[in-house]
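Since every read-out is calculated from the coordinates, none of them should be taken as a lab result. In this text the structure is predicted, and so the values were computed from the model without any measurement. Neighbour counts are summed over all protein chains in view; Cβ atoms, including those assigned to glycine, are modelled from backbone coordinates with ideal geometry.
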Amino acid sequence: MTWYCVRTATRREKTAEASLRELGVQVYVPRETRWERLSPRKEREPKQAPLLAGYIFADLTDNQIHLANEAEGVSCIVSSNRADGTRRPTPVKVAELYWLAYAESQGMFDWTYSEKPRKWTPKRGDEAKVTSGQYTGFIGQVLELRGRNRALLLVHLFGRPAKIERPISELQAA
């Protein structure tokens, strides 16, 4: 089993995939899922597209390499220069393809799914914990919000109250 990376003509991944399958070649096209809006007034819809635009992977024998180069939608097989000055197709490690397939099956390339925690917006009087920067770990009370992305906190430094101003992105609810 020798897999190669195949460069396709621009936006012709499906055509190249179909023509290689007609030759009896096993083909893998990693895909991502993303939102697409067909018109400004319509809802967004999920759409699958090639993860690596312009590239697909094919399991080719030595006899199939020349046929694959001539297949419709195929631009070339990714090659490298050898020590003797010739260009030869460069094999792809099977482990890398397994990793891509596994990541795809686990939804790592699905940009439509989000389970993001709701962004915390502090209010005056809330207790906040500093999560990064020089005051990491300090807990204080929000005295005021400064603009849309900064907050003034009252913390205790060495047993004494002190006011510090931090970006809201560095804070979380205590």
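Details
- For the chain, calculated [θ]222 nm from helices alone, where every DSSP H run of n ≥ 4 adds -39500 (n - 2.57): -5500 deg cm²/dmol
- Residue exposure proxy: Leu38, Leu153, Leu145, ordered by other Cβ atoms within 10 angstrom of their Cβ from fewest to most, comes out as Leu38, Leu145, Leu153.
- Multiplying the residue separation of Arg34 and Thr136 by 0.36 nm and removing their Cα-Cα distance gives an extension gain of 33.2 nm.
- With a Förster radius of 25 Å applied to the beta-carbon distance between Met108 and Leu67, the computed FRET efficiency rounds to 0.15.
- Take the Cβ atoms of Glu45 and Arg21, set R0 to 30 Å, and the FRET efficiency comes out at 0.65.
- Only one of (1) 1.21; (2) 1.01; (3) 1.28 was calculated from the structure for Rg/Rh (Cα atoms, Kirkwood Rh), and its label is (3).
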